[in-house]
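So the structure is just underneath, and the comments pick up after that.
Read the figures in this text as sums done on the coordinates, not as results from a lab. This one's a predicted model, so the numbers in the text were calculated from it and none came from an experiment. Cβ placement follows ideal geometry from the backbone for every residue including glycine, while neighbour counts extend to all protein chains displayed.
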Amino acid sequence: MISNLEAKRIRDAVASGTRTDGRGIDDFRPIKVETGVVAKAEGSATVSIGGTSVIAGIKMNLGTPFPDRPSEGVLMTGAELSPMAHNEFEAGPPREDAIELARVIDRSIREAGVMDVSKLCITEGEKVWMANLDIYPLNADGNLFDAGVLAGMAALNTAKMPEYVDEQVVRENLKKQVPVAHQVVSVTFARIGDALVVDPTRDELEVSEARLTVGVCEGKLVALQKGGDGSLKPEMVEDAFKRALKHSQKLLKHLK
Amino acid sequence: MSEIAENRQLVVPGEVLAEGMDYLPGDGAYRNQKNILSSTLGLVEFKGRLVKVIPLNGKYMPKKDDPVIGIVKEVGYNKWTLDLNGPYDAFMLVGDASDRYIDTNRDKLASIFGVGDAVICQIKKIDENLAVFVTARGPGLRKLHEGRIIHVKAAKIPRIIGKSASMVKMIKEFTGTRMFVGQNGIIWVDGGDEALAVEAVRKIEAEAHVPGLTDRMKAFLSEKTGKTFEEIEASRPSETPSTGARGFQPPVREAREFRENAGPSGEDDLFQGESE
Amino acid sequence: MSKMSDDKPKFLIKSGKRLDGRKPDEVRPMEMTVGVIPNADGSAMVVCGKTKVIAAVYGPRELHPRHQVLNHKARVRVKYNMLSFSVEDRKRPGPGRREVEISKVLSEALERVVLTDRFPMCAIDVFVTVIQADASTRVAGLNAASMALADAGVPMRDLVVSLSFGKSYDEKGAGHMVVDLEKEEDNWGMGDVAYAVAPALNEILLLQMDGDLTPEEFAKGRQMADEAAKAIYDMQKQALKAPYQEGSK
């Protein structure tokens, strides 16, 4: 747990325009993206943002389309707070924090139409590809949202389609890319006092009043999530949008 | 009948340290039939017939009389629960919080120690059910109002304190900080060049197992501060057994003598680390 | 995909050479690293061929739920889990019966070596995560778990060295004992054994088998496994010591 003295040090630093780890208010920690880390997955990536690292992987399986979308495949995103990643993450069924994380990442990636699901149909109304994107933290030091979205996108961008031959799924020597139509990133802020710090660490999140995650796709906002039991001021939200758009340009470079 | 391992050899659990009944297993070692084996990842130390392994990692296990820093995690009706950076939490009963009488009907316990407060305290008792009790009554024991709190691996604490507290004293003198090193791996640093003091502690934590630590730290602190160890020594106030490093402390607050990881005087044994 | 009998290889071993070119008593290339999860009290990664496993230890720490507390010792709790994309066909998140059973036998294997009486009422949690599965994941996980415990400074009698062995058929259908099974050998072999020992104590800590083996075949396989275990044990020791040797003067 964080002591009051450390909490105060974090607040004082932010109030004077810096962070306890030496960053500025609007600085991300160093980002590293590595793809193709799990050969058994159709696509995979590990992403680290400072001390936070996550692994994401995609499996493509056969499924039945939803009755109202007979010619579309399905992308489902899951995330859990794997207990190996932090002392406070517990084994067992996902709790609300894990479900929120999964749903926010899912909204950013799925609702933005990142994957062209119309290209995942095998037989209309009967057989489609179901893409399962699963994200696990390996080591958690705050901002699992942005690391999760980035890892999910990096895995999607490098994923290969299995083939469906003679009623069998073939997963060897795949060449065809999974259809990705758009690039999404998310940018997360924490409100500490009157400032919004970008890419908060776990300790910063602990002392923060509120959190805001902004999903950005091609210059537009595609997902928003306010978290934390404090509040945001309207002008903070506007400021966050501007800064998120700017950061999204830099984050996208990690997906190339 | 012979030593198999060498002094200061790095061993893992299960490695044979000595053969025969002439040796006795100390901490970090155990007897398996005729042999003494390591039970810990660490460095072997032969002391006469005793063979022990100095651990390189591991959680803090409370020992009676240990000076520690606890972080309050719960305020109860007549006691506080403190996190000791280890598997066992500690309780502080109302009567052990202050020399002054606390009336639980009138006084709000949270106004004395609130959740998140860091308190220098001492292990008073460990009962038969392994409940750990600490006290904040005693010289130097108190709530910390300013400065920084850092967590280090508890196994590195003896090296951070140094022989007769020489290491922590050296860091304090070079950086002009006040420090308290809890046996449980929680450290308080205040004033002066806090950042350098923390950097020094982190360096010891990372290199505690490498021989020549004291000289390396001397060189490191000299380089960072531009002062030599001799200058630091010369600037020390004349040492008397009763003041030790305390002569260097800023004015004492709370009308109470404040003792930190003080000098080599006998009465400060409480705050000394194991020898190197 | 379900096993189709026409996928079955004609042989798993021929003239003393296995499908991937190994000799019967040869383990796959291995890689071991400690300290891979900075938040954990101890951690280790073990790569064995295409199998890749991480173990992270948290503890000794307070045990929840409280009704599981043991007054005289700590509880070693292994949670074995596979990432959904670690296998050919997506594994549904959450533990199934297989994971629960593996977690149990791994916990029991470690319980014997950890000096649990030093930490009454505590939990020592070991999270074994399969990143990529290509057979022999539980034994790779047990190697990683024992290293992660030692890395965490948890007192223990011995390390645990673990590997699989089994019986592979040749082109004539005759059985040959081999160590460290890979996927095809695990799928189609005539018997497989998950095996772990405490090398200094000469004790067996894990033993699971399915298939059919004569006692003589088992003895032969165990002998080969004990021999192979020596190299694995050396690798574990080296990996555990490496962080303290780099940069030492």
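Look at the alpha carbon pairs under 8 Å that are at least 6 residues apart: their mean separation over the length of the stretch A:102-256 gives a relative contact order of 23 percent. Note that the stretch B:104-119 has calculated 3J(HN,Hα) couplings of 5, 6, 9, 7, 7, 4, 5, 7, 8, 10, x, 4, x, 5, 9, 10 Hz, one per residue in order, obtained from phi through the Karplus relation 6.51 cos²θ - 1.76 cosθ + 1.60 (θ = phi - 60°); glycine and proline are x. Listed by chain and number, the lysines placed with their C-alpha closer than 25 angstrom to that of B:K63 are B:K47, B:K52, B:K73, B:K79, B:K124, B:K125, B:K143, B:K153, B:K156, B:K163, B:K169, C:K73; residues fewer than eight positions away on the same chain are left out. By the count of other C-beta atoms within 10 Å, a proxy for reagent exposure, B:F91, B:F180 are ordered fewest to most as B:F91, B:F180. Candidate cross-link partners of C:K183 among the aspartates and glutamates, defined by an alpha-carbon separation under 16 Å and a same-chain spacing of 8 or more, comprise A:E172, C:D7, C:D20, C:E26, C:E88, C:D89, C:D134, C:D192, C:D210. Between the amide H of C:R77 and those of C:I124, C:D125, C:V126, distances stay under 5 Å, these residues lying 5 or more places away or on another chain, with hydrogens modeled in the peptide plane. Here the contact order of the stretch B:10-55, divided by its residue count and restricted to Cα pairs under 8 Å and six or more residues apart, works out to 42 percent. For chain B, modelled as a GNM whose springs connect Cα atoms under 10 angstrom apart, the maximal fluctuation among B:V12, B:V168, B:V189 occurs at B:V12. Proximity of backbone amide H atoms, modeled 1.01 Å from N, is registered between A:Q183 and A:E218 at under 5 Å, excluding neighbours fewer than 5 places apart on the same chain.
About the Cα centre of chain C, what is the dipole size in debye to 20, counting +1 per Lys and Arg Cβ and -1 per Asp and Glu Cβ, all else neutral? Provide the component values of the computation, followed by the final result.
Numbers: 36 positive and 36 negative charges, 109 e Å.
I would put it at about 520 debye.
Highest GNM mean-square fluctuation among C:A228, C:A198, C:A174, for chain C modelled with Cα contacts below 10 Å: C:A174. Taking every C-alpha pair closer than 8 Å and separated by at least 6 residues, the mean separation divided by the residue count of chain B gives a relative contact order of 15 percent.
Residues whose amide H lies under 5 Å from that of A:S71, counting only those 5 or more places away or on a different chain, are A:G125; hydrogens are built 1.01 Å from N in the peptide plane. Distance from the Cα centroid of the stretch A:123-163 to that of the stretch C:183-231 is 38 Å (rounded to whole angstrom).
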